[in-house]
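See below for the structure under consideration.
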Amino acid sequence: MREKAVALYYAVRDGFRYDPYQLDLTPYGMKASRVLDTGHGWCVTKAVLLAAACRALSIPARVGFADVRNHLSTARLRETMKTDIFYWHGYTSIRLDGGWVKATPAFNIELCERFGLLPLEFDGREDSIYHPLDRAGNRHME
């Protein structure tokens, strides 16, 4: 099961572009199927997609939320949100080997490369919930 969950994590992380500017907070907009339909999502909807994909393979999964500060968010995003704190940042908890591990499939690899971020890796054993540092060693998220 771990290998399948890890493969799903990378499929969601890199197969769907992270886009925090096209939020649709309607019931349809919060569904995994919308991410599949549009090819993009934000932290919450990508976490929903990962949970749904895990559940489709009988891997227990649920969506979790945390408040995180993003030190490297763009000026446009900070202006839109009026803060650098991402309230209700979405991640997925996946039950593997008798315990719950957290995984955040939000930032796709292309976004990480473009902004000099370290992509979050997930091995199915350890939590992978936020980017503490960027490639240059600057604080990114806490």
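Just one of Leu49, Leu77 is surrounded by 13 or more Cβ atoms within 10 Å (Cβ to Cβ), modelled with pLDDT of 95 or more and assigned to a helix (DSSP H, G or I); which is it?
Every option except Leu49 fails the conditions.
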For this session: Starting from the range 17-29, keep only residues that are in contact (Cβ under 8 Å) with a residue 12 or more places away in the chain, then list their pairs with residues that are exposed (fewer than 10 other Cβ atoms within 10 Å of the Cβ) and part of a loop (DSSP other than H, G, I, E, B) whose Cβ atoms are within a distance under 6 Å, requiring at least 6 positions of separation or different chains.
Result: none
For this session: With respect to Pro27, determine if the residue is over 26 Å from Leu117 (Cβ atoms), assigned to a loop (DSSP other than H, G, I, E, B) and not β-branched (Val, Ile, Thr).
Result: yes
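The values are calculated or read from the model by the stated rules, or taken from the named source; none is laboratory data. This is a predicted model, so every value here is computed, not measured. Positions of Cβ are generated from backbone atoms using ideal geometry, with glycine treated the same way; all protein chains shown enter the neighbour counts.
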